[in-house]
Each structure stands twice: as structure tokens, then as C-alpha cells.
Amino acid sequence: MATEIQCVKCGLTRAALAKPPFRAGSKLGPLGAELVEKVCASCYNDWIAMSVKLVNEMRLDTTDPRGQELWLKQMKLFLNLEQSGDPWARFLNQRVALETLAGVQTHATMIGISETELRFAEFAGGAVPSGFRALETQGAASIARDAIKTLESA
Ligand SMILES: [Zn+2]
């Protein structure tokens, strides 16, 4: 029987991870233990799915220390382990409705945030709307944060 915990990501009481995703005693051992205590298995699986997109889209090399650090940072943001203070972080991996200052309206899935840009994929209709910069991954694109007029959960 899996232990149930109150998850910091979804807020629900659900089954915890059956075992820590990182080996005890390794550098990430303490983080693995924290994940078992705070994040439900379902949300962790959501992160894994998200992580695959991120690694592809950002060309993250997870064998490189810098790549690993970025990966961990995105994970902590996604799972609410770290308060980013970024009002848009809560939309990560969610379907959003957005309008740009140029008046383009669309629906998309937010797949990443940086200090200057927001990244999206799965645009309504499949095509990258005008004003967005297409990324290497099919259907993904970024836009400057200050080009966004409104953005909300769809
Ligand atoms: Zn959860």
C-alpha cells in the first residue's frame, strides 16, 4: 500500500512515490526524500512527461552539470518545491488562453519560462501564431514576456 501525502503541486491527498526517484546517499538523495514527502506520484509522473519536452525543446544535456542544474530548477518550479515569485510559473504545463499586445489570440500549453521569454507548444490549430519565434521542436515557440497582454488558464 502506498502512503498518502498532501501534495504541494496539486493540493490533493494522493499516493506518494513508491520510492525516492534519486538514490539515498547520492548528491540528490535529500531531494529524492523531499519528493517522497511532498509530491504525489501522479504529479511526479506529470513532471517526467514535461521533462521530456523540456529536454528536447531546450536541447538540455542532462549529462552536463549546467544542464542538470537547469533541469533541477525547472523541476522544483514545476512541482512547487521552490517559490519562484514568478506569477507565471503556476501556468507551467497548463493549457492557457493568451493575447499578445499585437492582438493575436490563441490557446497553447506553456512549457517553459525564463527571465525574458515564455515558451509554448501545442498551439490551437497547430501553427505557430505571428509574433512568436518558432523553436526547433515542431510546433513550439517562444515570445518575449513583455509582448503578452493577457494570459490565463484555459
Ligand atoms: Zn499531486
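The values are calculated or read from the model by the stated rules, or taken from the named source; none is laboratory data. Keep in mind that what you see is a predicted model, and the values were worked out from it rather than measured. Positions of Cβ are backbone-derived with ideal geometry, glycine not excepted, and every protein chain shown enters the neighbour counts. The protein model used for the area step is the full one, side chains on, heavy atoms only, and it has no ligands, DNA or RNA in it. Shrake-Rupley method; radii C 1.70, N 1.55, O 1.52, S 1.80 Å.
Temperature 20 °C, viscosity 1.002 mPa s: under these conditions the Stokes-Einstein estimate for the stretch 4-78, based on its Kirkwood radius over C-alpha pairs, is 167 µm² per second. Summing charges over all other residues whose Cβ lies under 14 Å from the Cβ of ALA89, with Lys and Arg as +1 and Asp and Glu as -1, gives +2. The residues of the chain present an accessible area of 57 Å² per residue when probed at 1.4 Å with all protein chains retained. Backbone amide hydrogens, once placed in the peptide plane, bring LEU135 within less than 5 Å of ALA140, ALA141, SER142, excluding anything fewer than 5 places away on its chain. Partner lysines whose Cα lies under 20 Å from the Cα of LYS38, excluding those fewer than 8 positions away in the same chain, are identified as LYS9, LYS19, LYS27, LYS73, LYS76. Backbone phi angles across the stretch 102-115, fed through the Karplus curve with coefficients 6.51, -1.76 and 1.60 (θ = phi - 60°), yield HN-Hα couplings of 7, x, 7, 10, 7, 10, 7, 9, 6, 10, x, 9, 9, 5 Hz in residue order; Gly and Pro are listed as x.
Under 26 Å of direct C-alpha separation, and excluding same-chain neighbours fewer than eight residues apart, LYS149 reaches these lysines: LYS53.
Return the tail of the calculated pair distribution for the chain, meaning the percent of Cα-Cα pairs more than 21 Å apart. Numbers along the way, then the final one.
Numbers: 5692 of 11781 pairs.
It works out to 48 percent of all Cα pairs.
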